[in-house]
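Values quoted throughout were computed directly from the atomic coordinates according to the rules given, and no laboratory measurement underlies them. Computed from a prediction, not measured in an experiment: that's the story for all the values here. Every residue, glycine among them, receives a Cβ derived from its backbone with ideal geometry; neighbour counts consider all protein chains shown.
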Amino acid sequence: MAITYTWTIPTVERNLSDGGITTIHWRCTGVDGDHSASSYGTTGHEPDASGSGFIAYDSVTEANCIAWVQGSVSKDDTEAALAAQIEADKTPTSGSGQPWAA
């Protein structure tokens, strides 16, 4: 089964003066059947309200934020790290417990 990756934006922080987004909180989750892993982080941004590509808070979409995050954080590296976590979960090399309680 292939891993399905989902990028989401739980919240953003913005300048109240111009609506420019300064911090994006992001999460990437990978799911493969019963196995999953996720990564959470933040990216800092310096919005320029006079710039041609500026999008004010009220007009920003989650897709805009995901694109900005993936411009700062390697999408491929993030997803590869989650794939490695899922593979390790599928094929553990160590365990713990109480042998007398089995």
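Taking label positions 7 Å along the Cα-Cβ direction at both Ser36 and Ser59, the computed distance is 3.5 nm, reported to one decimal. On a 0 to 90 degree scale, rounded to 10, what angle separates helix 75-90 from the longest Cα axis of the chain? That helix lies at roughly 20 degrees to the long axis.
Placing unit charges on the Cβ atoms only, positive for Lys and Arg and negative for Asp and Glu, gives the chain a dipole magnitude near 180 debye about its Cα centre. The angle between the Cα long axis of helix 62-72 and the main principal axis of the chain comes to about 80°, on a 0 to 90 degree scale. Applying 0.36 nm per residue to the separation of Thr91 and Glu46 and subtracting their alpha-carbon distance, the gain on full extension is 12.0 nm. For the stretch 4-82, relative contact order (Cα pairs under 8 Å, six or more residues apart, normalised by length) works out to 30 percent.
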